[in-house]
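All of the numbers you see were taken from the coordinates with simple rules; none came from a lab. Note that the structure is predicted; figures quoted are calculated from it, not measured. Cβ: placed from backbone, ideal geometry, glycine included. Neighbour counts: every protein chain shown.
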Amino acid sequence: MSFSEGGGTIPWLGLVNKGLFDINKPHWGGWSGRFSREKIKNFWSRHTDIKVDEETFGNFYLYGEASDQWTNPEDGTVYDNDFAPIWRFRRAMWNNQKARNDWCFQEYADANHPPKAVLNGDEHDTIIQMNAKPGQSISLDASGSSDPDGDELVYAWWNYYEAGTYGKPLVLDSGSKVKTKFTIPRDAAGKEIHLILEVHDENEITNLYDYRRLVVKVSP
């Protein structure tokens, strides 16, 4: 898949997926990428044609880009850089744009529409948070998910470990079935773990995605 550059589009795309993105926690990541946990002093533009001495204002603080490690499922290439937090979602973003173009002029029945990801019976778009203990088993169920066009659904569970504070991958019972489970590692005490449910439909027009994020706060 080729690189897609945009002007001011990507910073707003996080708002499309409320079940994935939290505007108040940019370090959690989403379609807008993932950013530093704390604001960075004088975070200058990466464009080489803008020079520091051309900026006349005083000190400022911005969230900087954060890096993810992501494996492209198409060719197995592993990326570990500050583009990866966007690259991991770019197929979903592109497909969403394609579908929205259809919505402008096609009849409802002639366009594709995004599925609804439901996690453990919760049909809302809010991020789910729960408390757990080290060694506790967590069961996850996406069987309540649906598609308005009646399309077949494909499920993916993955641990967004860069977004949490545990910082290590988890061992999931299954990463592609409608249900999965995992055990809270013993060394995750006092840490935060992020699990993502990613659901997409199978449609001949384009595949569309929906998400839910589970944030597990592990007791000390």
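Observations
- Given their separation in residues at 0.36 nm each and the Cα-Cα distance between them, D75 and V178 gain 34.6 nm when the chain is fully extended.
- Estimated FRET transfer efficiency when R0 is 30 angstrom, pair Q106-L15 (beta carbons, to 0.05): 0.80
- Computed as a quarter of the hull surface, the mean projected area of the alpha carbon convex hull for the stretch 65-168 stands at 9.2 nm².
- Extension gain for L62 to F43 (0.36 nm times residue separation, less C-alpha to C-alpha distance): 6.2 nm.
- The GluC sites (Glu not before Pro) found in the stretch 57-159 that occupy coil by DSSP, while having at most 14 further C-beta atoms within 10 Å, are E74, E107, E123.
- Secondary-structure-derived ellipticity at 222 nm for the chain, considering helices only, amounts to -2500 deg cm²/dmol, per-run term -39500 (n - 2.57) for DSSP H runs with n ≥ 4.
- Over the stretch 117-220, the fraction of Cα-Cα pairs per 10 Å bin, rounded to whole percents and listed from the shortest bin up, is 15, 47, 27, 9, 1.
- You can think of it this way: the chain between S146 and H124 has 6.6 nm of extra reach, that is 0.36 nm per residue less the Cα-Cα gap.
- The stretch 111-145 and the stretch 190-218 have their alpha-carbon centroids 8 Å apart.
- If R0 is 30 Å, the Cβ-Cβ spacing of R90 and S139 corresponds to a FRET efficiency of close to 0.45.
- Cα lying deepest toward the dipole's positive end in the stretch 72-203, options P148, Y166, A109, charges on Cβ: Y166
- Along each principal axis, Cα extent of the stretch 10-218, largest first, Å: 57, 53, 33
- For the chain, lysine pairs with C-alpha atoms less than 15 angstrom apart, excluding pairs fewer than eight positions apart on the same chain, total 8.
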